[in-house]
Amino acid sequence: AAIGFIFSFVVPRFAGLLSGRKVDLPWLSEVVLSSGMFVNAHWPWMLALAAAAGMGLYSLMEIPATRRALVAFGARLPGISLWLLGAETARWTATLAVLVRSRVPILLALELASSSVRLPVNRDRLIKVRDDVRLGKNFSSAVEERQLLEGSPLSMVKVGEKTGELATMLGHVAAHAAARHRALQRQMVTLIEPVSILVIGLSIGVIMVGVVLAMTSLTDIKL
């Protein structure tokens, strides 16, 4: 909104000072002033285009296939991948804990838990864990082999499996993963503010440099 306001109302006022003058403008000033004049002359259409783009993006995000593709793309990005992975782990372990506590057969519980995750990689791993358990492998060993859990969460699952408290331990793993997910989310939100300030500051700085260069070009008027 700030950048749009500058382009729509501030830049055109400076561009008006140069109208009718033969001035050799730097390329940055040409781009800034031309963009400002264009936005000022067509601002209703630009506003309508922005609204249409927002509605189109909203409609696109309502498509499940688009959301799955976006989540899969985010899982390959550093930082975001850990955040998504924490949410996925909390989701399937919490679902599995409820199902096991309700005495649902483990094979059916794993199948239902796999349907609750969004990342295709995790879904395939859970299905492979179900197949491994069907073939007689321990649940914790299958989870470890498929790299669904590691470290303390995996140790808790092993203890729960040996003591008959698998549902309780899965609940603890889900709580741990959810807490880690919230911590990563707070870190990401904390980073949004300085990044936004940096982007807006750089954008406005480029605009102002273009305007200042245009003003200084008035001293080089050709007669």
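The values are calculated or read from the model by the stated rules, or taken from the named source; none is laboratory data. Everything numeric here is computed off the predicted structure, so don't read it as measured data. Glycine gets a Cβ as well: all are built from the backbone with ideal geometry, and neighbour counts include every protein chain shown. Protein only, heavy atoms only, side chains kept; ligands, DNA and RNA dropped before computing areas. Shrake-Rupley method; radii C 1.70, N 1.55, O 1.52, S 1.80 Å.
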Would you check if residue 56 is closer than 30 Å to residue 188 by Cα, touching a helix residue (DSSP H, G or I) at 6+ places or on another chain (Cβ under 8 Å) and surrounded by fewer than 13 Cβ atoms within 10 Å (Cβ to Cβ)?
no
Among the numbered criteria (1) farther than 29 Å from residue 212 by Cβ; (2) open to solvent by less than 40 Å² (accessible area, probe 1.4 Å); (3) modelled with pLDDT of 80 or more, which one does residue 101 miss?
(2)
Scanning the range 137-161 residue by residue, the ones that are under 14 Å from residue 110 (Cβ atoms) and among the aliphatic types (A, V, I, L, M) total 5
All but one of (1) closer than 30 Å to residue 8 by Cα; (2) surrounded by 13 or more Cβ atoms within 10 Å (Cβ to Cβ); (3) not aliphatic (A, V, I, L, M) hold for residue 67; which doesn't?
(1)
Inspect all residues belonging to the range 8-17 and state whether any of them is open to solvent by less than 80 Å² (accessible area, probe 1.4 Å) and charged (D, E, K, R).
no
Tally, over the range 140-170, of residues that are assigned to a helix (DSSP H, G or I) and either open to solvent by 60 Å² or more (accessible area, probe 1.4 Å) or more than 28 Å from residue 77 (Cα to Cα) (or both):
18
Find the residue count for the range 126-139, including only residues that are open to solvent by 70 Å² or more (accessible area, probe 1.4 Å), assigned to a helix (DSSP H, G or I) and without any contact (Cβ under 8 Å) to a residue 24 or more places away in the chain.
1
Need pairs with beta-carbon distance below 8 Å; first residue part of a helix (DSSP H, G or I) and within the range 190-210, second exposed (fewer than 10 other Cβ atoms within 10 Å of the Cβ); sequence gap 6+ or separate chains.
200/2; 204/2
Is at least one residue of the range 44-65 more than 21 Å from the chain's Cα centre (by Cα) and under 30 Å from residue 164 (Cβ atoms)?
no
Which residue out of 14, 5 is in a helix (DSSP H, G or I), free of Cβ contacts under 8 Å to residues at least 40 places away in the same chain and farther than 30 Å from residue 135 by Cβ?
5
Would you point out which residue out of 70, 84, 108 is in contact with a Gly (Cβ under 9 Å, 6 or more places away or on another chain), part of a helix (DSSP H, G or I) and farther than 15 Å from residue 170 by Cβ?
84
